[in-house]
Each structure stands twice: as structure tokens, then as C-alpha cells.
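Novice: Below you'll find the structure I mean.
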Ligand SMILES: [Fe+2]
Ligand SMILES: [Fe+2]
Ligand SMILES: [Fe+2]
Ligand SMILES: [Fe+2]
């Protein structure tokens, strides 16, 4: 099926505003919902937040009153969309349960994007990053068992494995080594730009979440683990945002944002199992088509180019949440000991990496290590969810 968002008609902007009744969405059932429905909700919340913050930044740099007013109008709708989407999450979930779901999104969304990404340098950036969020999932799952006495399979189900990835302790790199080379806006495939925007938005939402919820815990180990992983999410945002070409004009960036929203709502509409949630994806797609039309008109007027030159003629393969177990196991067995040096990747620890490690750890075991030892001591064994057999690396098998 081909779908060209530039050719479709959406809902006129003045009819997109919702009243309180329409905003009061029914949350998903925490016990029976498809875990991937929750993943889609979290993804779209991250996308809407990025669209809002992007629009604010644009408005702050834009001297044209008419455009600032247009941005404010569209942004108000994006805010309502964000509310409708994120309020689908049930209030019963603890912060740690939401955290585990965020890391599941990071794992399965990034793995899918890595599998689909045509550009080898960009693909490597996703392969590299996914092994870290995979390890965060394992650390948080152990914290969850230790302080809430529950098992992460209640959240991730049998869809995403929980076991060590690249050890969290090794994620602390010199900030200089987190900046990647950006794609070339003239040469990159449209789908590559969408991938980069999507993963950047997801990681940014995780970073923001940990910055705020970390100190709501009383347990020292929880507070410390959120600080540690929160700093790594800063590295991840730096890593992924640096992939986008900074030479893209504001108009071009706005166009890409709206196009990406169309792409993702369309993808999730196609793959959603919950009919009530699917109806929201469909409604939002019809809103985004109009945002895209507005952004395209302003792009033509101010940027002087034709949007069709820039955007994909039809939507790429729908973004799909599905298990990536085999793919992740393959990455673990081949790339677990990778780190970054400048804008590239190396296998051995280098001098700048070592220095940073010494400075931040200073002979203290970080929370990401202690949480495993503590849980072993309290629960008898550490928590893992190994569905396809033992850990792919012999040295990381549980004994
Ligand atoms: Fe939106
Ligand atoms: Fe993470
Ligand atoms: Fe991350
Ligand atoms: Fe939008």
C-alpha cells in the first residue's frame, strides 16, 4: 500500500482542538494490555514532546509574527495530542515500571531501526547504542525485584530478554567521544532522517524522565542508579542528535518533524492491536496531515524549495514493535566491548576513556554494579529473563 502524506487531506486546524471530554481518554488496562501498545504510547509521547520543544525553539528564533502565531496554533494542538497520548498510560504503574517500559522501547525501537537503516555509519550508531539500553533494562529489572519484589517479565512479557549487555559501568565516556558525524542533508535517504529524529526523541524523553523521577525514591540504591543511568541518557541524546545535519534550515526541520509524526502515527495505526488506541493513532494521523500541509506551505514560501524534493514520495515500511531477540544476541556476541573514539568506534579502551572512567568511578563501584550484587544477596540470585537460552557470551552466563 502506498501512502503519500503530502497528497492526503487532513482535519482543518480549527477543528483539531479538543474539549475536556475528548481529552479525557480511557487508559489501557495495566494487566491485560499488549506490552507493545504501551511501547507505542511511550514512543508517541516522546515524539509529541520533541515536536513541542522544537516548535518553542523555532519560535524563539523566528522574527516573523505571523509565523510565530502559526507555530503557537499548531503547538497547542501538539500539546493536546501529547496529553491524549500519555494519559493512555494507567495511573497504577510505579515509576520503576514505567522506567522498565522506557528501556524496553529503547531496546526494541532502536533494534528495529538498526535493522532497517540503509546507511552503515548510522546503523552502527544504533547498534552501538542499543546494547547500552539493553543493559539498563537488566539493571532496572534487578532494582525492581529488590525494592518492589516483582519481576520485570510482568512488564516486558516474553517479548524482550533481560540479561547483561555492554556493562553500564563502561558507558561513561568522555563527552567529546559522544559526538558523531552528521548525515548529509543533501545525500541522506529520507528514511535515515526519520530514523534519527525518532531515536533522538525517544532518548530525549528518557533523559528528561530520569532527571525528574530519580529523586522521588527513598532507597539510596535507587536514587544512585537513576543518577548514573540519567547521565548515560545524556550521552545517548548527544550521540543521536549529532547524527542530524545541523545545516538543515528551521523550515526544513519543521517539515521533517511533521512528516515523521505522519509516518509514525500511520505505522502504529497499521500495527496496533488495541482498537481504542488505534482510533487515536488514526485521529492523530489526520491531524498531522494538516500540520504537514501547513509546514510544507511555509517551507515553499520561506525556504524557496519544493517539499517533494526533500521528503519520501511514499511512507517507508511501517515502524514495528516486535521481538528482536536473535538480532540482539548477535550484537552482544560481536559488539559488546566496543567504545567510541572521536566520531568512530574502537574495541579497546583508549587513554581518554580510561581517564574518564577513573575520574567518575574513583574506585567506587557504581550503583549499576551494586544493584546486581545487592539483589543477589537479597533474592538469592540476580534477575534475568533469558528466553532463547543461556547468555550468548560464556563469561556472562549466570552460575
Ligand atoms: Fe503531533
Ligand atoms: Fe537507557
Ligand atoms: Fe538510552
Ligand atoms: Fe504535528
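The values are calculated or read from the model by the stated rules, or taken from the named source; none is laboratory data. It should be emphasised that the depicted structure is a prediction, and the values quoted were computed from it without experimental measurement. Note: ideal-geometry Cβ built from the backbone for every residue, glycine included; neighbour counts use all protein chains shown.
Novice: Could you check how many residues of segment 22-77 are in a helix (DSSP H, G or I) and closer than 30 Å to residue 323 by Cα? It would help to see each step written out before you state the result.
Specialist: Initial filter on segment 22-77 (in a helix (DSSP H, G or I)): 22-23, 35-60, 65-77.
Now narrow it down to the ones that are closer than 30 Å to residue 323 by Cα: 35-51.
Summing the residues that are in a helix (DSSP H, G or I) and closer than 30 Å to residue 323 by Cα in segment 22-77 gives 17.
Novice: Hey, another quick one. Of the residues 333, 398, 368, only one is surrounded by 11 or more Cβ atoms within 10 Å (Cβ to Cβ) and at pLDDT below 95; which?
Specialist: 398
Novice: Taking the criterion of being within 16 Å of ligand 3 (Cβ to nearest atom), touching a residue at least 60 places away in the same chain (Cβ under 8 Å) and under 22 Å from residue 263 (Cβ atoms), would at least one residue in segment 14-27 satisfy it? Give the derivation first.
Specialist: Here is the first cut: in segment 14-27, the residues within 16 Å of ligand 3 (Cβ to nearest atom) are none.
No, because not a single residue in segment 14-27 is within 16 Å of ligand 3 (Cβ to nearest atom), touching a residue at least 60 places away in the same chain (Cβ under 8 Å) and under 22 Å from residue 263 (Cβ atoms).
Novice: Here's another thing I want to ask about it. Look through segment 306-315, keep the residues that are in contact (Cβ under 8 Å) with a residue 40 or more places away in the chain and surrounded by fewer than 17 Cβ atoms within 10 Å (Cβ to Cβ), and return whichever of them is farthest from residue 281 (Cα to Cα).
Specialist: Just the residues of segment 306-315 that are in contact (Cβ under 8 Å) with a residue 40 or more places away in the chain, to begin with: 307-308, 310-315.
Of the ones still in play, those that are also surrounded by fewer than 17 Cβ atoms within 10 Å (Cβ to Cβ) are 308, 313-314.
Details: 308: 24, 313: 21, 314: 19 Å.
Ranking the qualifying residues of segment 306-315, first place goes to 308.
Novice: Being within 18 Å of the chain's Cα centre (by Cα) and in a loop (DSSP other than H, G, I, E, B) is the filter here, so list the residues in segment 180-212 that pass it. Let's see the steps before the verdict.
Specialist: Here is the first cut: in segment 180-212, the residues within 18 Å of the chain's Cα centre (by Cα) are 180, 191-212.
Passing the criteria: only 180.
Novice: Could you grab the pairs with beta carbons closer than 7 Å, sequence gap of 6+ or different chains, first residue in segment 267-279 and more than 22 Å from residue 194 (Cα to Cα), second one assigned to a helix (DSSP H, G or I)?
Specialist: Pairs found: 273/37; 274/37; 277/37.
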